[in-house]
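Just so you know, all these numbers are worked out from the coordinates, no wet-lab data involved. Predicted model only: the values in this text are computed from it and were never measured. Cβ placement follows ideal geometry from the backbone for every residue including glycine, while neighbour counts extend to all protein chains displayed.
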Amino acid sequence: MYAVAFMISSWVNEHEADSYAVKMVGFKPKAQALVKLHIYSSLKGCENVISAVEFSDSFELGKLSYLQVLKVIIWRAFKYMHPQTILNQPLPETHPPLRLRLEKIESI
């Protein structure tokens, strides 16, 4: 249970940091930075094959419902509580999913 509380607390801190960054640089640069970080971390070890990540001029998101957010939180909590996950990753995920972060900063 500590893991769920830790995860939510960490996600709140990340949202506060994202909000501050959006106030300093704006939504689009922050959103592009988050997407680039997500792409590069997903392709760890293959960075040399990517010359650039480019974005279109439009950056629109559909709205997420509170039910969708709750589903993500519950899924992450149950995923973390699997014994093999706890052994491989003693601390839960400290960053919210990219889609939730983008949704949150878009409303600022």
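Key figures
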{"quantity": "Among residues of the stretch 10-27, those that are of a type in the set (F, W, Y) and closer than 12 Å to I108 by Cα, counted", "calculated": "2"}
{"quantity": "Residues being under 12 Å from the mean Cα position of the chain (by Cα) and among the hydrophobic types (A, V, I, L, M, F, W, C) - total across the stretch 74-108", "calculated": "4"}
{"quantity": "Checklist (1) within 15 Å of K104 (Cβ to Cβ); (2) touching a residue at least 60 places away in the same chain (Cβ under 8 Å); (3) not aliphatic (A, V, I, L, M) applied to Y66, failing item", "calculated": "(2)"}
{"quantity": "Residue check for S9: farther than 30 Å from P83 by Cα and polar (S, T, N, Q)", "calculated": "no"}
